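Engineer: One structure, pasted below without further comment.
Bear in mind that the values in this text are calculations on the coordinates, not laboratory data. Note that this is a predicted model, so its numbers are computed, not measured. Cβ sites come from the backbone with ideal geometry, for glycine too, and all protein chains shown count toward neighbours.
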Amino acid sequence: MHLHILGICGTFMGGLAVLARQAGHTVTGCDANVYPPMSTQLEAQGITLHEGFDAEQLDQYKADLYVVGNAMTRGKPVIEEILNRGLPYVSGPQWLGENFLAGKWVLAVAGTHGKTTTSAMLAWILEHAGLSPGFLIGGVPANFGVSARAPGGESPFFVIEADEYDTAFFDKRSKFVHYRPRTAILNNLELDHADIFPTVEAIETQFHHLVRTVPGNGLIVANGRDEHVRRALARGCWTAVEEFGPGLLWDFRRGERDSQFSVLLNSVDKGLIDWSQMGAHNTMNALAAIAAARHAGVPPKLAVDALNAFDGVARRMEIKGEIGGITVYDDFAHHPTAIATTVAGLRKRVGDARIIAVLEPRTNTMKLGTMSAALPEALTHAEVVFVFAKNLGWNVAKAFEPIGTKTGVFDDLDAMVTSITAMARRGDQILVMSNGGFGGVHGKILHALAMREMSGK
């Protein structure tokens, strides 16, 4: 079958394209941003890419089916022409669910925060145990080097990052209702995606819809300390639930160092994790992954061994470089809770070193300003805060008045880099947070620091 994928360079749709190609389909696609690294990864798989959303491409790529990403909207020429011609189309999540996940043991990881990292942990545990899982993850796990692959051999297991964002312009259900998992992780639940969800209760409803799809012989691994997760389950649940968190079935005990903790199952020690991952949130992510892996047959001790060899995920506290004693990090944090836990995790790691936080509020929710009031408190552990405010619909300087004395607001990226470089000193930790490319700011900062170092200033 020939599939033409609209919006192919997004992480989810790009991963779907790779899976479809590995399954033997002819795959082409289009996007408005066809550039490396996604473009080169797709082309290496034999996937032809088209730049733009013009209607004329439908004559060039006469596909059996057009797979529509959720970034596609009414009004785009290619969408209007597909509808006018009556051509067959389907959403990415629906195609994946019906044509790739059907018949597999799906392990779905849902939650406002930690989906990518927990999915990567779970896939790596299954891989370490010799189960050769397939996976589709919204990031690149360092242990695999790719964001998506088909299961190996006859393996039935498939790990998927289960996003609550809507499916397509014609299907406003959350993506994850199409996946029908046997094992589901409900990691946490907060208000997010304010462009489509008016309240946190609306998101609870979608999580409850996911709960309704898990079979009775499946398992739900739930954060028992999260009020909204508990409320979603209280609406009705027909599946066994294992809760993780302090004082619950899956618990932990801190070790001698911040990097250590013991995994406890029903108060019984199942092994010590000593790793490079930062923050209490990653301890919770690990508990969820271990519990889900046990449902797939992996003993907790083997899962602990796997996580001791877990190398993390690109763009999750990833060190981009160190010049003149100044370290530059890249992190995907973009929600106030994720920002707060990321900064707090770095603070525990670096002690009294000065943290310079560099934030790009670029999600639809952030652009609306829905959570602007929570941002100053989320950044309290940083000594200096730089905010890139271009194309935002709210007054950033006003929102950051509670910590205004340590905040710089810029709408010119190069000017911001110049200001960061001018004030950075040996021992500083520059933490860049954005869910996008941020104009290559990490490289710009490192280049400017290198030029300063060479000049001896």
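Engineer: Amide H neighbours of LEU65 under 5 Å, counting only residues 5+ apart in sequence or on other chains, H built in-plane at 1.01 Å?
Structural biologist: HIS2, HIS4
Engineer: Follow-up. Once you keep just the Cα pairs under 8 angstrom separated by 6 or more residues, what percentage relative contact order results for region 211-292?
Structural biologist: Once normalised by length, the contact order is 24 percent.
Engineer: Here is a follow-up. First check a/c for region 273-370, with a ≥ b ≥ c the square roots of the eigenvalues of its C-alpha gyration tensor; if it is under 1.5, answer rounded, and if not, answer prolate when a/b is larger than b/c or oblate otherwise.
Structural biologist: Verdict is oblate for region 273-370.
Engineer: Cut-off under 13 Å on the C-alpha distance; same-chain residues fewer than 8 positions from LYS406 excluded. Which aspartates and glutamates are left, in chain and number order?
Structural biologist: Cross-link targets: GLU377, GLU383.
Engineer: From the backbone phi of region 111-119, what are the Karplus-calculated ³J(HN,Hα) couplings (6.51 cos²θ - 1.76 cosθ + 1.60, θ = phi - 60°) in whole Hz, Gly and Pro given as x?
Structural biologist: x, 5, 10, x, 4, 5, 5, 5, 4
Engineer: Suppose R0 equals 45 Å. What FRET efficiency, 1/(1 + (r/R0)^6) with r the Cβ-Cβ distance, do ALA373 and GLU154 give to the nearest 0.05?
Structural biologist: 0.30
Engineer: Which FRET efficiency, nearest 0.05, do ALA353 and THR199 yield, Cβ-Cβ r, R0 41 Å?
Structural biologist: 0.55
Engineer: Of the beta bridges DSSP finds with both residues in the chain, what % are antiparallel, to the nearest 5?
Structural biologist: 25
Engineer: Placing unit charges on C-beta atoms (Lys and Arg positive, Asp and Glu negative, everything else neutral), compute the dipole magnitude of the chain about its Cα centre in debye, rounded to 20.
Structural biologist: Once rounded to the nearest 20, the dipole reads 620 debye.
Engineer: So the label point goes 7 Å from the Cα of ASP59 along Cα→C-beta, right? Which residues of region 78-107 then have their backbone N under 20 Å from it?
Structural biologist: Answer for region 78-107: 78-88.
Engineer: Now for a separate question. Classify region 201-261 as rounded, prolate or oblate, taking a ≥ b ≥ c as the square roots of the eigenvalues of its Cα gyration tensor: rounded when a/c is under 1.5, otherwise prolate if a/b is larger than b/c and oblate if not.
Structural biologist: Taking the square roots of the gyration eigenvalues as a ≥ b ≥ c, region 201-261 is prolate.
Engineer: Under the classification rounded if a/c is under 1.5, otherwise prolate if a/b is larger than b/c and oblate if not, where does region 304-457 fall, given a ≥ b ≥ c as square roots of the Cα gyration tensor eigenvalues?
Structural biologist: It is oblate, given that a/c is not under 1.5 and a/b is not larger than b/c.
Engineer: Once you list every other residue whose beta carbon is under 10 Å from the beta carbon of PRO133, what net charge do they have if Lys and Arg are +1 and Asp and Glu are -1?
Structural biologist: Net charge in that neighbourhood comes out at +1.
Engineer: Treating the beta-carbon of each Lys and Arg as +1 and of each Asp and Glu as -1, no other charges, what is the dipole magnitude of region 274-333 about its Cα centre, to the nearest 20 debye?
Structural biologist: 240
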